[in-house]
Amino acid sequence: MSKEMLLMLHPTFGILAMIAAIWVFVDTLNVSDANVGRIRSMGVLCAVLMWLTYIVGGYWYVVNYGVDKAIIKAGPWGFSHSFFMETKEHLFFLVLMLATLLVIAVQSNLARLSGARNLVLWVSGLVVLSALAMEGAGAFISMGVKVALLAKTL
Amino acid sequence: MDITQSTHENSDSAGVTATAFGLSYAVACLFNAVVVILKETIPAVHDGMAALAGHHWVAHGLLDLIVFVVLGFVFARTSLAHMSAKALITNVVGATVLGGLIIVGFFTLA
């Protein structure tokens with residue numbers, strides 16, 4: 001697998017994790033004994049996908065990002081590294097821990113404990129919002145590379 | 001299996017384990033932001049973290065996860081694990097917003 005394809009797995013896993021979090025959110029709004037098992041399964045799936053996002057993206061960042069970073073910093077969109085990448089790489093830890101917390105939260109008795117339901121709704125909602133922010137920041141970083149290369153060739 | 005269920009729980013509880021790890025998440029959020037500021041402003045901290053795990057970002061993630069997991073187990077043994085879900089959610093959301101704003105603010109001003 002090429003390293004570019006490996007990089008593409010990062011946002012792919014991230015989007016799938018976000019969809020799983022949305023699933024948990026919606027199913028929890030309609031929780032009953034019938035769907036508690038599905039909520040737990042989707043919570044676990046969300047965390048697994050988020051951990052894969054972290055591992056794949058982290059590998060890329062540590063091993064390959066240095067080249068992209070140099071290109072971005074030499075181009076007109078230096079802020080896509082100095083702000084978006086720097087912020088993204090540190091905020092991602094929150095998303096990862098939120099997804100892990102979601103696995104723990106969905107193990108509670110959601111059908112009986114209203115407090116547990118509210119926690120799952122808030123945590124899954126935060127996963128969705130923060131994952132969207134990560135995807136947006138990733139788009140800025142990709143565009144930072146693109147405009148730097150375009151500026152070089154034009 | 002409900003791993004968080006106990007005889008102390010009422011409907012306003014999120015469960016002992018979920019509450020404990022929710023609180024540890026809140027602490028880890030703020031810890032994460034503090035480490036960002038420390039390693040970005042003190043070169044010795046940055047270099048020490050890089051030496052610890054080969055890359056400062058890898059060490060940073062490991063430290064966050066250690067705080068999250070260890071404090072989760074510690075809080076589960078304390079009365080904090082029995083706080084109301086409303087208070088827990090306030091802590092979780094508040095720490096997420098505050099931790100996020102500290103990092104965004106730092107890199108905006110940097």
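The values are calculated or read from the model by the stated rules, or taken from the named source; none is laboratory data. Predicted, not measured: the structure shown is a model, and the values here were computed from it. A quick note on method: Cβ atoms are made from the backbone with ideal geometry, for glycine too, and the neighbour counts reach across all protein chains shown. Surface areas here come from the heavy atoms of the whole protein model, side chains and all, with no ligands, DNA or RNA. Shrake-Rupley method; radii C 1.70, N 1.55, O 1.52, S 1.80 Å.
At a glance:
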item: Complete set of residues in segment A:2-44 that are closer than 13 Å to A:Leu121 by Cα, outside any helix (DSSP H, G or I) and free of Cβ contacts under 8 Å to residues at least 60 places away in the same chain; result: A:Asn30
item: Matching residues, segment B:72-85, being farther than 22 Å from A:Ser114 by Cβ and within 11 Å of chain A (Cβ to nearest Cβ); result: B:Gly72
item: Of all residues making up segment A:111-141, the number that are in contact (Cβ under 8 Å) with a residue 60 or more places away in the chain, open to solvent by 30 Å² or more (accessible area, probe 1.4 Å) and closer than 30 Å to A:Gly66 by Cα; result: 3
item: Yes/no for B:Val67 being surrounded by 14 or more Cβ atoms within 10 Å (Cβ to Cβ), facing chain A (nearest Cβ under 7 Å) and within 30 Å of A:Asn118 (Cβ to Cβ); result: no
item: Residue tally, condition within 9 Å of chain B (Cβ to nearest Cβ), open to solvent by 20 Å² or more (accessible area, probe 1.4 Å) and either under 18 Å from B:Leu63 (Cβ atoms) or charged (D, E, K, R) (or both), over segment A:81-110; result: 3
item: Condition met for A:Thr53 (under 11 Å from the mean Cα position of the chain (by Cα) and part of a helix (DSSP H, G or I)); result: yes
item: Among the residues listed as B:Gly99, B:Gly94, B:Gly15, the single one being open to solvent by less than 60 Å² (accessible area, probe 1.4 Å), within 18 Å of A:Ala99 (Cα to Cα) and more than 10 Å from chain A (Cβ to nearest Cβ); result: B:Gly94
item: Any hit, segment B:41-52, residues being without any contact (Cβ under 8 Å) to a residue 40 or more places away in the chain, touching a helix residue (DSSP H, G or I) at 6+ places or on another chain (Cβ under 9 Å) and among the charged types (D, E, K, R); result: yes
